[in-house]
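J.: Below is a structure I'd like to ask you about.
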Amino acid sequence: MVSPDIEKAILEALADQKYKWRTTRGVAQQLGVDEKDILKAIQDNEEAIVQSSTPSSDGSPLYTTRAKFHQSGSSFEKIVAAFKGRAR
């Protein structure tokens, strides 16, 4: 289980306006926590997080918060995400 403070920090890092999408590795490095904790927090908060339909250049999954996605995602991204069942 990820502590509530770490979970909050993870969600804030995913919502950071400096980044459109984040990898779990990038968030883990930023916060100094284990990547497994990032994945657990994403799993525990899946209703608040969107996974990109396109991976990073190295093939890693990309994530952002649902709120940020709806604010900044392109119409095309939103349609693709809805089609794939990743956005509501």
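J.: Residues that are at pLDDT 95 or above and either in contact with a strand residue (DSSP E or B) (Cβ under 8 Å, 6 or more places away or on another chain) or farther than 26 Å from residue 4 by Cβ (or both), at least 3 per element: which helices (runs of 4 or more DSSP H) completely within the stretch 25-88 meet that?
T.: Values: elements: 35-44, 66-72, 75-83.
By residue number, no helices (runs of 4 or more DSSP H) qualify.
J.: Please specify each residue of the stretch 1-31 satisfying the condition of being over 12 Å from residue 65 (Cα atoms), free of Cβ contacts under 8 Å to residues at least 40 places away in the same chain and among the aliphatic types (A, V, I, L, M).
T.: Result: 1, 6, 9, 27, 28, 31.
The values are calculated or read from the model by the stated rules, or taken from the named source; none is laboratory data. These numbers were taken from a predicted model, which means no experiment stands behind them. All Cβ positions, even for glycine, are placed from backbone atoms using ideal geometry, and neighbour counts span all protein chains on display.
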